[in-house]
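J.: Quick one: the structure is below, questions incoming.
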Amino acid sequence: MSVTDKYRIVIGLEVHAQLLTASKIFSAEPSSFGASPNTQVGVITLAHPGTLPKLNKRAFELAIKMGLACNSEVSRTNIFDRKNYFYPDLPKGYQITQDRTPVCKGGFVTIKTKEGGEQSVTLNRIHLEEDAGKSIHTEGSDTWIDLNRAGVALIEIVTEPCMSTAEEASAFVAEVRKLVRYLEICDGNMEEGSLRCDANVSIMLKDATVFGKKVEIKNMNSIRNVQRAIIVEVARQIELAERGEVILSETRTYDADKNKTFSMREKEELNDYRYFPDPDLSPVVVTDEWLMQIRETMPALPRELYQKFTSEYALSEYDASVLTDSKDIALYTEAVCRHTKNYKAVANWMMGPVKSWLNEQQKTADQFPIQPPSLATVIDLIDQGKLNFTAASQRLFPAILKSPQASVENIVAELGLANAADQNSILPIIEEVIIAFPEEVKQYKKGKGALIGMFMGEVMKRSHGKADPKTTKELLVSKLKEL
């Protein structure tokens, strides 16, 4: 038994998602990313005397959407609290958040891992709060403060300590990112800080009944780094335990370049934030009517589309997983499938030519110029034997991209791409090829069957891609047998 087998790993996550609102959660200050430092902060975020916060209704509705997607219970009466602590990038000296009445309670997110298969990660809560500013540490000893982010609307998705591997943790973050993008409540860009993750990690002996000391790893900015940071932190804790040293309850940061965690500060056994209801904000009551209105705006979620793709469209789990990874691809795929029954061909086109073009052009599927019915027409023409895939992907596809409003059939006719499927048009070309390659014919007759591919390629080239592959192969094999 290895040393690591002695221990049980316990992981809980806190994922912060900035909500896609035009203004901040308690003021009309803009909340866009990338503005010059300290140009999007005003008197309300700075809590100047005489100023009063006002809740952004849109932010509240987006938080409820996330809760509905995570099977959570929506709190009907919500109170905002002041969480008192001082940091240089929290100008008020307190943060407006939700302590006793999170907007969403409980719930779960379903994840899938190679090792554990499908499982549910239990949520403790989803609550609303305002973001703090950003501290920028220079190479020297200076720290610069940018308060543009202060007051931006956030939800914090808090799990129970129910995960036991780094793979599960990274899968959870990936699923949350997918959900917020499908719901269009957050752009999910971890590199810009609009989605951030803190991990609470501890170890305990397999037969222990009490959790070990919790270490919090702060602000990891990629899914890969979440996984890497947890792996190295678990290894560090096990090494300390094996040496008989004390594991401190502390906050640590992860250095991706060094692949190590470093101590930031020790944590108190119980943080005294002196929560109390914010006297400037009234309670928010969620009525049945309001909740129903929000439910009606819920889009199809990735899991629902995945199940549709695997059951109704009979696609493989792999295909369905790739196609539902992003909302724009999933919806475009679904739209094409409304116009053709060859769902597997749709998947192949989406994961092949379409995705290649999107990647090259750095565009999303909702910006793709070819309309779903046109792509479905291409697929049906191939199925009917009027077109082959090579001609369709290499010549027709680029032509439709240049003239997306034109009729697909007209473009096929203009380019002369229709299959020459009849024997009378293909046989002369086959005979031409056989005459041109006598040595290869001899080798084929001696048992080198793989040469059929070379003959096929020559026929396709000389027919300018019009020869039907199936008919061509049948005729080639028959003709070669006669020799």
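Bear in mind these aren't lab numbers, they're just calculated from the coordinates by the rules spelled out. Model, not experiment: these values are computed from the prediction. All Cβ positions, glycine included, derive from the backbone under ideal geometry; neighbour counts span all protein chains shown.
J.: Could you name the aspartates and glutamates whose alpha carbon sits less than 12 Å from that of Lys448, not counting residues in the same chain fewer than 8 places away?
T.: Glu439, Glu440
J.: Which FRET efficiency, nearest 0.05, do Tyr85 and Glu296 yield, Cβ-Cβ r, R0 41 Å?
T.: On the way: r = 39 Å, r/R0 = 0.96.
With R0 = 41 Å, the Cβ-Cβ based efficiency is 0.55.
J.: Please tell me which of these pairs span more than 26 angstrom C-alpha to C-alpha: Lys218/Lys327; Lys54/Lys134; Lys214/Lys258; Lys112/Lys206?
T.: Distance filter (> 26 Å) returns Lys218/Lys327.
J.: Additional query: Does anyone have the angle between helix 166-183 and the longest principal axis of the chain? Alpha-carbon axes, 0 to 90°, nearest 10?
T.: Its long axis makes an angle of about 80 degrees.
J.: Thinking of region 3-289 as a set of Cα atoms, what percent of all their pairs are more than 35 Å apart?
T.: On the way: 7313 of 41041 pairs.
Of all Cα-Cα distances in region 3-289, 18 percent exceed 35 Å.
J.: Continuing with this model, one more query. Treating only the Cβ atoms of Lys and Arg (+1) and Asp and Glu (-1) as charged, compute the dipole magnitude of the chain about its Cα centre; round to the nearest 20 debye.
T.: 960 debye
J.: Which FRET efficiency value, to the nearest 0.05, do you get for Lys479 and Ala413 by plugging their Cβ-Cβ distance into 1/(1 + (r/R0)^6) with R0 = 35 Å?
T.: My answer for the efficiency is 0.70.
J.: Counting only helical runs of four or more DSSP H residues, what would the 222 nm mean residue ellipticity of the chain come to if each run contributes -39,500 (n - 2.57) and the total is spread over all its residues?
T.: Theoretical 222 nm ellipticity from helices: -11000 deg cm²/dmol.
J.: While we're looking at this one, here's another question. What are the radius of gyration and Dmax of region 423-482, computed over its Cα atoms and given in Å?
T.: 10.4, 30
J.: Here's a follow-up. Ser263 versus Met351, label points 7 Å from Cα toward the beta carbon: distance in nm?
T.: Label-label distance for Ser263 and Met351, simple model: 4.9 nm.
J.: Exactly which GluC sites (Glu not before Pro) in region 217-289 are in a DSSP loop and have at most 16 other Cβ atoms within 10 Å?
T.: Counting only loop positions with at most 16 other Cβ atoms within 10 Å, the GluC sites (Glu not before Pro) in region 217-289 are Glu245, Glu268, Glu269.
J.: Please report the net charge: other residues with Cβ closer than 12 Å to the Cβ of Thr165, K and R +1, D and E -1.
T.: Result for the neighbourhood of Thr165: -1.
J.: Here's a follow-up. At R0 = 22 Å, how high is the FRET efficiency between Gln384 and Leu427 if r is their beta carbon distance? Nearest 0.05 is fine.
T.: The computed FRET efficiency comes out at 0.50.
J.: Is region 35-171 best put as rounded, prolate or oblate by its Cα gyration tensor, with a ≥ b ≥ c the root eigenvalues, rounded for a/c under 1.5, and otherwise prolate when a/b is larger than b/c, oblate when not? Could the numbers behind the result be given before it?
T.: Details: a/c = 2.61, a/b = 1.46, b/c = 1.78.
Cα axes put region 35-171 in the oblate bin.
J.: Give me the net charge of Lys479's neighbourhood, meaning all other residues with Cβ under 14 Å from the Cβ of Lys479; Lys, Arg count +1, Asp, Glu -1. Display every interim value, and only then the final one.
T.: Values: positive: Lys445, Lys473, Lys481; negative: Glu431, Glu432, Glu440, Glu458, Glu474, Glu482.
My count for the surroundings of Lys479 gives -3.
J.: Want the number for Leu401 to His48: 0.36 nm per residue separation, take away the alpha-carbon distance, what's left?
T.: Working it through step by step, the gained length comes to 121.5 nm.
J.: Please arrange Thr138, Thr21 by counting, for each residue, the other beta carbons lying within 10 Å of its beta carbon, fewest first.
T.: Details: Thr138 8, Thr21 19.
In order of increasing Cβ crowding within 10 Å: Thr138, Thr21.
J.: Fewest to most neighbouring Cβ within 10 Å: what's the order for Tyr275, Tyr182, Tyr306?
T.: Tyr275, Tyr306, Tyr182
J.: Ok, one more. Can you give me the relative contact order of the chain as a percent, contacts being Cα pairs under 8 Å and 6 or more apart?
T.: Normalised by residue count, the contact order of the chain is 13 percent.
J.: In whole angstrom, how far apart do the alpha carbon centroids of region 426-457 and region 86-120 sit?
T.: Computed from Cα coordinates, the inter-centre distance equals 66 Å.
J.: Which of Ser36, Leu475, Thr97 sits farthest toward the positive end of the charge dipole of the chain, with +1 on the Cβ of Lys and Arg and -1 on the Cβ of Asp and Glu?
T.: Checked the options; the winner is Leu475.
J.: Moving on. Average the reciprocal distances over every distinct pair of alpha-carbons in region 176-311, invert the result, and give the Kirkwood radius in Å. Intermediate values should be presented prior to the final figure.
T.: Working: mean 1/r = 0.0530 Å⁻¹.
So the Kirkwood estimate lands at 18.9 Å.
J.: Also, I was wondering about something else. For His339, His137, which order do you get if you count the other beta carbons within 10 Å of each Cβ and list the fewest first?
T.: By the 10 Å Cβ count, ascending, the order reads His137, His339.
J.: Quick one, what does Rg over Rh come out to for the chain if you take C-alpha atoms and the Kirkwood Rh?
T.: 1.11
J.: Now, a different point. Using only Cα atoms and rounding to the nearest 10 degrees, what angle (0 to 90) does helix 327-337 make with the longest principal axis of the chain?
T.: Around 30 degrees separate the two axes.
J.: Still on this model: Once you have the alpha carbon radius of gyration of region 300-415, what is it after dividing by 2.2 N^0.38 Å, with N set to its residue count?
T.: Details: Rg = 13.8 Å, N = 116, 2.2 N^0.38 = 13.4 Å.
Expressed relative to 2.2 N^0.38 Å, the Cα Rg reads 1.03.
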